[in-house]
């Protein structure tokens, strides 16, 4: 199944292929046809254009190294290519030569937030918003940073102001902002044991990532773990059963209609999350008897150092570490002493997208989205990524994936080696056709692929969102 998930500042996350049914090329073509693949030279043209912009801006800063705006233009060019480290160095140079311009403050705040330095990010973005009070991007970024810092009421105010500006590109958060204000700044408070080892509930149709939860003191209800969903999602039938006050919403970035509510408690094992906004959906798949009635999304999961362990059919929850403490000051239970593990630095884009740098075959290092709860093929990406990695698509390997919108035409391709940071696996399979073009074409940050279950399921996948780190623990 290809999952399309809502809001991340307008970004669409199409997650991994959970169900892929191979067909012969002729059968697949007769049914829905294989996906169209642009020639490699055409697919690479936009990337070449972005890289030429980088070269042009590099030439300008060599000619005028003391010009602050030159360094921020170069930083934006590196962001468009998807190179955070080089963009950050350029912004640092901009600060060193002046640090007085709007773009320097805005980009400094974005970098700090994505790397987990939220207090610093808020300081820079408040400065940007003071420089240009009517700039929707500054208000949007400030709202996102406040949201990640747990200041939900302040975030709601800035997001509402961002949306109201002329020409705003800030997404419609109707209902969600009301739920954030209602939940308040102490949302998602954790009480109880705080450390859990929750066994997955067997589900023949919906995959293994299902756990039991108690909501408002009632249950158990089945929720599917979905780190690609920003928040907890409940079916509207369950929300009514629980007598929740439903706040009318709008449409998500994926075009999905969602309402919102606030729950007073959600219990997992002996650990409870209190006062949290939830989305309310009419999706009929969440109303089938015996199947999950909602999604356990990233906002709930990130209150812990959580771990998806497919091999042991377990969701591990470890207490989040106090801010300022080292990531390894208290080793999580899911990474025992002596275990071979890979600690992968990640960026957090939007509210919930985990980005790590990796390589496909012998291709260059590129930013990949980690689909921590996907259970399908190892990799999905655009033709440009495949081409620069030496992969040629073979239309005789057409297959069909299943999505909420119906069948999705795909072409399978072999992967000699896929690496995420220093974690590498050989002889895998990828699929072309399920990667959303807008992730590659995003003007703020280009993504080059999605790494999913065919790679990640070989490990225990531990996530420490506060410290922007994913731990891949070998079995």
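Annotations for the structure displayed:
- One residue alone among 75, 94 is in contact with a helix residue (DSSP H, G or I) (Cβ under 8 Å, 6 or more places away or on another chain) and either closer than 23 Å to residue 439 by Cβ or assigned by TED's automatic domain parsing to the domain that holds residue 439 (or both), and that residue is 75.
- Residue in segment 418-435 that is within 18 Å of the chain's Cα centre (by Cα), more than 15 Å from residue 357 (Cα to Cα) and assigned to a helix (DSSP H, G or I) present: no
- Segment 178-206 residues that are without any contact (Cβ under 8 Å) to a residue 24 or more places away in the chain, paired with ones that are surrounded by fewer than 18 Cβ atoms within 10 Å (Cβ to Cβ) and part of a strand (DSSP E or B) (beta carbon under 7 Å, 6 or more apart): 201/212
- Restricting attention to segment 443-465 and to residues that are surrounded by fewer than 20 Cβ atoms within 10 Å (Cβ to Cβ) and in contact with a helix residue (DSSP H, G or I) (Cβ under 9 Å, 6 or more places away or on another chain), the residue that is nearest to residue 298 (Cα to Cα) turns out to be 444.
- The condition of being touching a strand residue (DSSP E or B) at 6+ places or on another chain (Cβ under 6 Å), on the phi < 0 side of the Ramachandran plot and either assigned to a loop (DSSP other than H, G, I, E, B) or at pLDDT 95 or above (or both) holds for only one of 173, 197, 163, 181, that being 197.
- Number of positions in segment 64-97 that are within 22 Å of the chain's Cα centre (by Cα), surrounded by fewer than 23 Cβ atoms within 10 Å (Cβ to Cβ) and under 16 Å from residue 121 (Cβ atoms): 2
- Residue count, segment 445-475 (criterion: within 14 Å of the chain's Cα centre (by Cα) and within 30 Å of residue 51 (Cα to Cα)): 11
- Residue within segment 224-240 that is without any contact (Cβ under 8 Å) to a residue 12 or more places away in the chain, farther than 30 Å from residue 456 by Cα and either in contact with a helix residue (DSSP H, G or I) (Cβ under 9 Å, 6 or more places away or on another chain) or surrounded by fewer than 19 Cβ atoms within 10 Å (Cβ to Cβ) (or both) present: yes
- Selected residue (criterion: farthest from residue 470 (Cα to Cα)) from residues of segment 100-124 that are out of contact with any strand residue (DSSP E or B) (no Cβ under 6 Å at 6 or more places or on another chain) and touching a residue at least 60 places away in the same chain (Cβ under 8 Å): 113
- Residue among 319, 364, 382 that is in contact (Cβ under 8 Å) with a residue 12 or more places away in the chain, closer than 25 Å to residue 110 by Cβ and touching a strand residue (DSSP E or B) at 6+ places or on another chain (Cβ under 9 Å): 382
The values are calculated or read from the model by the stated rules, or taken from the named source; none is laboratory data. These figures come from a predicted structure and were not determined experimentally. Cβ sites come from the backbone with ideal geometry, for glycine too, and all protein chains shown count toward neighbours.
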